[in-house]
Amino acid sequence: MTHALGRRFWAFFLGGLLIFPVVALAADPITMAPHPWQIGMQAAHSPVERQIQALNGPVTMIILLISLFVAGLLAYVVWRYDHRKNPVPGTFSHNSTLEAAWTVIPVLILVGIAIPSFRLVYFEDRTHDADMTIKVTGHQWYWQYTYPDAAGLHYDSYVIPDDELKKGQLRHLAVDNPLVLPAGKNIRILTTSADVIHSFFVPSLGVQRYAIPGRTIETWVRIDQPGTYYGECNQICGMNHSMMPIEIHAVSPDDFKAWLAHAKTQFGENGPVRGTLAFASER
C-alpha cells in the first residue's frame, strides 16, 4: 500500500513538473527573438512553422547520413587503393549494377524529399478561409502595414534608433509601430514593394515571402498564442538593409478589436504617429 502511494505521489509530482511549464507558457504572452549562441530553429508558433520543422528534421538526418557515407567511402578508397598497395592499376572501367544503383538510389531519395516538400509549399502558399487580410509593403528602409478590412487603415513601421531604445527593447529588432494581429485567426498576408526587392521573414511563425515591385505575393499565418514575434528583411535591399526589422504583437481577438478602434483614431488623416501602439502592449 505504501509503495503504491509512493508511486502515485512521484507520478503526480513529475507530471506536475511537466505540465506546469506548458500551462505557464499558454497563460503568459511570449517573446520570440534570436538569442546569442543559438543553434537551430526558433520554437514554432504557427501550423506552417511546425510543418517546416517536422520536414527539416528528417531532411537534415538524410543529409547527415549521406555526408557520412560519402566521407567514409572516400576515406576507404584512399586507404584501400593507395598506389603503394596497388602498384598495378586495374583494367576494369564499368560496373553496370553499381552505376544503376548510384543513379536509382539518389532519384528515390529526391522523390522521397520532394513529395512532402511540395505538400508544404502548397500548404504555406495561401489559406482559403481567411478571417482577415494584411498588406505588407516594403520600402527603403521601413515597412508599411495596411488593413484592407478596416477601411484601408495603414501606418509605417521604423526601427528604433540605438540612442532611443528603452529598457527591454531589442536593438535592431524593436520598432516604433509593430504589426498587431489577433491570435488564433487565419490571416492572409499580401506582400509587395514600392522600390526594390525585400523579404518579409518571421522565423517562429513560418512566414517568408518576397516583396517585389509590381507584384503581390500571398501567404498566411495563424499565430498560436499572444506574444511578441520578431523577424527582419532577409533580402539584401541596400545600405540600410539591417534597419528593416519586423515586430509582430499578437493579442486576443477582443484586444485586437479594441486596438483597431484606437488605431483608427491615431492613424487617420494625420498619418503614422510614433509610439501609438503602446496601447496594445499595455492591455
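Computed from the coordinates by the stated procedures, all read-outs in this text should not be read as laboratory data. These numbers come from a predicted model, not from an experiment. Using ideal geometry, Cβ is built from the backbone for each residue, glycine included, and neighbour counts are taken over all protein chains shown.
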Anisotropy class of region 132-282 from Cα gyration tensor, a/c 1.5 cut
rounded
Those lysines that a straight Cα-Cα span of less than 21 Å connects to Lys257, excepting residues fewer than 8 apart in one chain
Lys135, Lys185
Using the alpha-carbon centroid of each, what span in Å lies between region 41-86 and region 123-181?
38 Å
Sticking with the crude label model, points 7 Å out along Cα→Cβ, report the distance from Thr97 to Tyr122 in nm, one decimal please.
4.0 nm
